[in-house]
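Dumping the structure here so I can ask a few things about it.
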Amino acid sequence: MATVSLKGVKKIYDNKVTAVHDFNLDIADKEFIVLVGPSGCGKSTTLRMIAGLEDISEGDLFIAGKRMNDVEPKDRDIAMVFQSYALYPHMTVYENMAFALKLRKMPANEIDKKVKEAAAILDITQYLDRKPKALSGGQRQRVAIGRAIVRDPQVFLMDEPLSNLDAKLRNQMRAEIIKLRQRINTTFIYVTHDQTEAMTLGDRIVIMKDGFIQQIGTPQEVFDQPANLFVAGFIGTPQMNFFDAKLTKQDGKYQIAVGEAVMTLGEAAQKRLAEKDVGERQVTVGVRPEHISFAATAGSHTIASKVDVSEMMGSEVYLHVSAVGRDVVMRVPTTDLPAEHRAGIPYGTEINFTFRPELIHLFDPETEKNLPY
């Protein structure tokens, strides 16, 4: 088992394009780290540098305290699972899983033991005599993971391993990876563009954009305290709503004015803003759809809107409304709606809403950074 450290790592291609900028991260032994971000953000390139499949242009990589920049991939004691499975089509499942061990000249009885143990963990024992073409996508991915497990690596690298699977199978495999992690207890570095995977799998998440780290934290930290507008909009489904607003102070209390509505912020935000001595200014307000409250009557703290789309989800309704010149998404529990609206709200219906004061996020419109943090 091993720690992994990246110190000032950069990747600059021959065409002078920088794919990864000044990447710094310390991964603890047995930690599950997820690199997440949109396509082209540098997450797979970072993983490939750890694997040794890409050269590091600047900076240093350490695995278990040893500098690995110039160490061959086969000597790094890592195993990698690819998006494409990368199985040998002419070999059986057993032969695919045993191949790397045969190259190491491991005794046949030991190979047999390791392959069968891994197959049992992944519930693929019944497929050991089959060729990959006779397996489903989910079964092939299990074989690819099994081939990595048998090597008993210090570090387990996974590059978007579930992206070729359908939604139901992806959910099942995500649960399998959580169980697998608990059973083999090694250091995992996992790459995905899917924020649901990142939130459910990672001990910590590294959110990337354009080759830069935007934020590192636990899933709850990045959800509750997004460092900037990008992280706030990337993490959470449906996406956070953003509003242009004015931050003001009235009787020693911070308030926000969104359109005609004025709302007093929660105590935690009051304290942080006062500690930083933040003055009156323009801000971008962020509010998650589930943190918008339906208001039965209009008031000085409510925003008027018109319903565009009402999506009934059973226990809650997703409301897409037009308000203060923009589209807003609300997630409203059906129990919070008037009885006449519980079956859905017709197009054009006028409704009022407000924000939960303790769950309002403030961002600087210029730097896009979270204001109170």
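Which residues in region 15-44 have a backbone N closer than 13 Å to a point placed 7 Å from the Cα of residue 237 along the Cα-to-Cβ line?
In region 15-44, the label zone of residue 237 (backbone N under 13 Å from the point 7 Å along Cα→Cβ) covers no residue.
Here is a further query. With the cut-off at 21 Å, report for region 179-259 the share of all Cα pairs above it, as a whole percent. Spell out each step's value before the answer.
Details: 1429 of 3240 pairs.
Looking at region 179-259, the distances longer than 21 Å represent 44 percent of pairs.
Now for a separate question. Take every DSSP beta bridge whose two residues both sit in region 4-233, then give the antiparallel share in percent to the nearest 5.
Details: 18 of 36 bridges.
The answer is about 50 percent antiparallel.
Please give the charge dipole size of the chain, origin at the Cα centre, charges +1 on K and R Cβ atoms and -1 on D and E Cβ atoms. Round to the nearest 20 debye. Present the calculation step by step, with values, prior to reporting the outcome.
Details: 46 positive and 49 negative charges, 273 e Å.
Charge dipole of the chain: 1320 debye, to the nearest 20.
About its Cα centre, what dipole magnitude does region 240-363 give when the only charges are +1 on Lys and Arg Cβ and -1 on Asp and Glu Cβ, stated in debye to the nearest 20?
Details: 13 positive and 16 negative charges, 65 e Å.
Roughly 320 debye, rounded to the nearest 20.
With springs only between Cα atoms under 10 Å, which of 111, 145, 56 fluctuates most in a Gaussian network model of the chain?
111
What is the local net charge at residue 267, summed over the other residues whose Cβ is closer than 12 Å to its Cβ (Lys, Arg +1; Asp, Glu -1)?
Working: positive: 253, 271, 272; negative: 358.
The answer is +2.
On to the next question. Place +1 on the Cβ of every Lys and Arg and -1 on the Cβ of every Asp and Glu in the chain, take the dipole about the Cα centre, and give the residue among 309, 134, 5 whose Cα lies farthest towards its positive end.
About the Cα centre, the residue reaching furthest to the positive side is 134.
Something else about it: Rounded, prolate or oblate: which fits region 167-318 when a ≥ b ≥ c are the square roots of the eigenvalues of the alpha-carbon gyration tensor, with rounded for a/c under 1.5 and prolate only if a/b beats b/c?
Details: a/c = 2.73, a/b = 1.60, b/c = 1.70.
Since a/c reaches 1.5 but b/c is at least a/b, the shape of region 167-318 is classed as oblate.
With a/c under 1.5 counting as rounded, go ahead and sort region 34-164 into rounded, prolate or oblate using the C-alpha gyration tensor (a ≥ b ≥ c being the square roots of the eigenvalues; past the cut-off, prolate if a/b is larger than b/c, else oblate).
Details: a/c = 2.48, a/b = 1.45, b/c = 1.71.
Judged from the Cα gyration tensor, region 34-164 comes out oblate (a/c at least 1.5, b/c at or above a/b).
Follow-up question, since we're still on this one. For a test of the definition: using alpha carbon positions, the gyration tensor, and the 1.5 limit on a/c, classify region 108-156 as rounded, prolate or oblate. All intermediate terms of the calculation are to be shown ahead of the outcome.
Working: a/c = 2.19, a/b = 1.34, b/c = 1.63.
Oblate, since a/c reaches 1.5 and b/c is not below a/b.
Based on C-alpha coordinates, I'd like the Rg and Dmax of region 1-64, in Å.
Just the Cα atoms of region 1-64 yield Rg and Dmax of 11.7, 37 Å.
On to the next question. Please give the charge dipole size of region 1-116, origin at the Cα centre, charges +1 on K and R Cβ atoms and -1 on D and E Cβ atoms. Round to the nearest 20 debye. Walk me through the numbers on the way to the answer.
Numbers: 17 positive and 16 negative charges, 62 e Å.
Its charge dipole is roughly 300 debye.
Just to be sure I understand: if I project the alpha-carbon convex hull of region 240-363 onto a plane and average over all orientations, what area do I get in nm²?
On the way: hull surface 29.8 nm².
Over all viewing directions, region 240-363 projects a mean Cα-hull area of 7.4 nm².
Of 63, 153, 121, whose Cα points farthest to the positive end of the dipole of region 34-173 (charges on the beta-carbon: +1 Lys, Arg; -1 Asp, Glu; origin at the Cα centre)?
Of the listed residues, the answer is 121.
While we're here: Which value results when the Cα radius of gyration for the chain is divided by 2.2 N^0.38 Å?
Values: Rg = 25.0 Å, N = 373, 2.2 N^0.38 = 20.9 Å.
The chain yields a ratio of 1.20.
So which residue, out of 22, 70, 277, gets the largest mean-square fluctuation from a GNM of the chain using Cα contacts under 10 Å as springs?
Result: 277 has the largest fluctuation of those listed.
Further question: Positive end of the dipole of region 240-363, charges at C-beta (+1 Lys, Arg; -1 Asp, Glu), about the Cα centre: which of 257, 320, 334 has its Cα farthest in that direction?
Of 257, 320, 334, it is 257.
Can you check what the net charge comes to around residue 326, using other residues whose Cβ is under 14 Å from the Cβ of residue 326 (Lys, Arg +1; Asp, Glu -1)?
Working: positive: 306; negative: 244, 308, 327.
That works out to -2.
With the chain treated as a Gaussian network of Cα nodes joined by springs under 10 Å, which of 231, 115, 324 yields the largest mean-square fluctuation?
Looking only at 231, 115, 324, the biggest GNM fluctuation is shown by 324.
Read-outs throughout are calculated quantities, based only on the coordinates presented, and are distinct from any laboratory measurement. Note that the coordinates shown come from a computational prediction; the quantities given were computed from them, not determined experimentally. Note: ideal-geometry Cβ built from the backbone for every residue, glycine included; neighbour counts use all protein chains shown.
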